[in-house]
1. What ranking do B:Glu208, A:Glu238 get, fewest neighbouring Cβ atoms within 10 angstrom at the top?
2. Run the simple label-point estimate for A:Ala133 and B:Arg28 please: 7 Å along Cα→C-beta, distance reported in nm.
3. Pop out the ³J(HN,Hα) list for the range A:145-152 in order, Karplus 6.51 cos²θ - 1.76 cosθ + 1.60 with θ = phi - 60°, rounded to Hz; leave Gly and Pro as x.
4. For the range A:110-169, what does the alpha-carbon gyration tensor say about shape, rounded, prolate or oblate, given a ≥ b ≥ c as the root eigenvalues, a/c under 1.5 as rounded, and a/b over b/c as prolate?
5. Step through the residues of the range A:197-206 one at a time and calculate ³J(HN,Hα) from phi using the Karplus curve (6.51 cos²θ - 1.76 cosθ + 1.60, θ = phi - 60°), rounding each to whole Hz and writing x for Gly and Pro.
6. Using the basic label-point model (7 angstrom from Cα toward the beta carbon), what is the B:Lys158 to B:Asp206 distance in nanometres?
7. For each of B:Tyr272, B:Tyr146, A:Tyr253, count neighbouring Cβ atoms within 10 Å of the residue's Cβ, then give the residues from fewest to most.
8. If we count other beta carbons within 10 Å of each Cβ, what is the order of B:Phe179, B:Phe68, fewest first?
Amino acid sequence: MSGPKTTEPVLDVRNLTATFGDGELTAVNDVSFTVGSGEVLGLVGESGSGKSVTLRSIIRLVPASGDVSGEVRWQGQNILAMRDAELRGVRGGQISMIFQEPMSALNPVLPVFTQIEENLKAHTDLDGNGRRARARELMDMVGIPDAARRLKEFPHQFSGGMRQRVMIAIALASNPRLLLADEPTTALDVTIQDQILKLILDLRDELSMSVVLVTHDLGVVAATCDRMAVMYAGRIVETGTVSEVFAQPNHAYTRGLLGSVPHAGTERSRLLSIDGTPPPLDRIPPGCAFNPRCEFATDACRATVPPLQDLSPGRSVACFNRDSVVAAGSPV
Amino acid sequence: MASYIARRLLQLIPTVLFILIVVFALVRLLPGDPASAILGDRAVDADVERINRELGLDRPLVVQFGVFVKSVATGDLGDSIHLKLPVTTLIADRLPVTIMLTVMAALIAVVMAVPLAFVAALRRGTAADSTVRGAFQVGLSMPVFYLGLILLTVFGAKLRWFPVGGYGEGFVDNLYHLFLPAVTLAFSLSAILMRNLRSAIIGVIDAEYVQFARSKGLAPKLVLFRHVLRNALISTVALFGLSIGTLLSGAVITETVFAIPGAGRLMVDSIYGRDYPVVQGLTIALAVLVSVTFLLTDLVQVWLDPRVSR
Ligand SMILES: Nc1ncnc2c1ncn2[C@@H]1O[C@H](COP(=O)(O)OP(=O)(O)O)[C@@H](O)[C@H]1O
Ligand code: SF4
Ligand SMILES: [Mg+2]
């Protein structure tokens, strides 16, 4: 784990808001964060907290019923205001995405080669031979042996881990500057998980990419990310470097999440695990959305939404009672 | 793929054998016997016996079946009782007309169904969607002969854009004559395919692999055709294959309405005339045709969906 590489951010997300059903359901609420060059940012939260919608909204990949507003600054432009043709140049060419379930995210009826090649056709000037060579190179790069033969195969002919490697190969085909990875290892078993995460980190170094890694697993964050942003009910509630946040969570929700991480050599300690589940979008409580589940909640929490306040550059928190949370210490 | 095709071709053998058994049995179950069909109703017993002997109908069923299979295998389907022509000649004469009508209808059905399914699916819930679906609903609930008569009256008799019947001379003229009948025949199949494809597209359009394809920055057309349509077509092709039999039986009615000299008309005439060698021969030919179509749709299906075991 390296420290934050604080240079000019490559991606600057400002006040990102995503709604469904004519604006009635807010899945992502006024989210802002930055990603530095070569940095791995972890986007963390329980299932349903809005991580995937946030990630997809960055490249406007939402269904017709969804609406995205705010600003996504990328290479001096706002992705959310781009013309469709420009957006297509960014998607896959500059910013790529990998999905949680490689089985459902790969087209079942197309050979792997076609699925790599169409990316190359869209974003490079390579001719047929060049594309074939590049496809083999990509398969080697992500560690799939016997590339020439396997390129002709279909997704169902690969194992789960190999399938995820295929998806990474497709995503990286045209040398993107940023990889958006949506729980890339959740569907895999533990040993394969580690291999895939290591592969992503290696490729990040090799290709000097930045990565936004969505996960609900703080173990994964600790092992792979430089900085992290914690999401709850569509909002970011805490940001900071991974070491800062693990050493001293400032938000009660972060503290709860950390408390339910299994520690090396011990059984999963459930001492601090959070009761209940995140609210559905049509029943987000007023005030701090976490208040019904929060042991630190006070009247203010039930009345007003706590603003996200900067503690230091890159370190922010949205909690009225962060002093009490800090006083309670880190559970890790 | 080659071995799959070989295997499927081998599977045709038992299918054809089964068809022969059914046809053999059916003809013997038909009301009225061939002898009285040939001799008329006032035949004397001696003549009936002679005819039966000539046709081999006095021998045991198993022997009759053996003879039957042997002659079919050698391409001999017997002679028509009324037309006094070899059944194979009649089939060679009439079946191509029906095949052409059916193929045209199938093409027209697909050409109507695919784009409209797209419109309906991509604009689901809008006026365009309900218009398309409503129009097809009407088409679906209208009997083939009625639709045929309407088209005939409007585009044939009134506007004189198309001939009101017959088959014409030469390929182009044939196509021209078959156009209205083919549209008539295509309509309900088109409606069925459209409905199926519309919901298949809706089912696929938000699939993860379509999202992934979009995230690659592919042109919308490519996403639509390569990723959405191709997957959506899998179930529609299966349905299409299954509909071929229905299409052929629809051809019988259509040929009658439009006075087209096809196999359908021949079949109807032969059933009324108890011309059982013709009925038998045509049934075999049509059944084999349907089996071959099933085989072809299976092959398309395997090509569309590599997960189908080969
Ligand atoms: N297309 C959609 N229409 C309506 N609601 C949606 C849609 N996609 C996601 N949501 C809702 O948005 C919320 C956040 O979803 P998501 O971003 O997938 O959560 P996470 O990835 O953190 O598990 C969930 O409540 C989910 O039900
Ligand atoms: S703002 Fe209040 S309810 Fe929300 S996390 Fe902090 S203490 Fe708990
Ligand atoms: Mg998710």
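Just so you know, all these numbers are worked out from the coordinates, no wet-lab data involved. Quick caveat, the model's predicted, so the values are computed rather than measured. Neighbour counts run over all protein chains shown; Cβ positions are idealised from the backbone, glycine included.
1. B:Glu208, A:Glu238
2. Inter-label distance under the simple model: 7.2 nm.
3. x, 6, 3, 4, 6, 5, 4, 7
4. prolate
5. In residue order, the calculated couplings are 4, 4, 4, 4, 5, 4, 5, 4, 5, 4 Hz.
6. 4.4 nm
7. B:Tyr272, B:Tyr146, A:Tyr253
8. B:Phe179, B:Phe68
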